[in-house]
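The values are calculated or read from the model by the stated rules, or taken from the named source; none is laboratory data. All figures in this text were calculated on a predicted structure; none of them were measured in a lab. Using ideal geometry, Cβ is built from the backbone for each residue, glycine included, and neighbour counts are taken over all protein chains shown. Heads up: the accessible areas ignore ligands, DNA and RNA and are worked out on the full protein's heavy atoms, side chains in. Shrake-Rupley method; radii C 1.70, N 1.55, O 1.52, S 1.80 Å.
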Amino acid sequence: QVQLVESGGGLVQAGGSLRLSCATSTGTFRNSIMGWFRQAPEKEREFVSRILSSGTSYYADSVKGRFTISRDNTKSTVYLQMNSLKPEDTAIYFCAASYRTYATGPGDFGSWGQGTQVTVSS
């Protein structure tokens, strides 16, 4: 089982920035699809972004142009740079790993971190 540890969450004012990190224990990180999801209170977990082993990235429409996902295969770490944060970005952010050929939704990711809280004040 791959272990994932997120960090970098916190409290920020609207318009501010945060950078989330997710360190993994796997030696085959470079072959994985890495994703970021978030869950706000009383809402379902939703897709935020994912990055393929090739480096190709995808984003939810709600974060496109504001968030950037990246990966460092030498450190087995994936990042989520979040700029121009809005109060509606407030949620627990989870990173996840998949070794499937194709992975999009939460059910396609087999390993999850414990989550990190992001709170954006207005």
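Just a few scattered comments:
- Packing around the peptides 48-54, 29-35, 69-75, taken as the average count of other Cβ atoms within 10 Å per residue, puts them in this order, highest first: 29-35, 48-54, 69-75.
- Accessible surface, the range 45-105, averaged per residue in Å² (probe 1.4 Å): 48
- Working ranking of peptides 115-122, 56-63 by packing, defined as the average number of other Cβ atoms within 10 Å per residue, highest first, is 115-122, 56-63.
- Here the accessible area is traced with a 1.4 Å probe on the protein chains. For the chain, carbon and sulfur cover 47 percent of it.
- Think of the chain as having a plus end and a minus end, set by charges on the Cβ of Lys, Arg, Asp and Glu; of 112, 57, 11, 57 sits farthest toward the positive end of this dipole.
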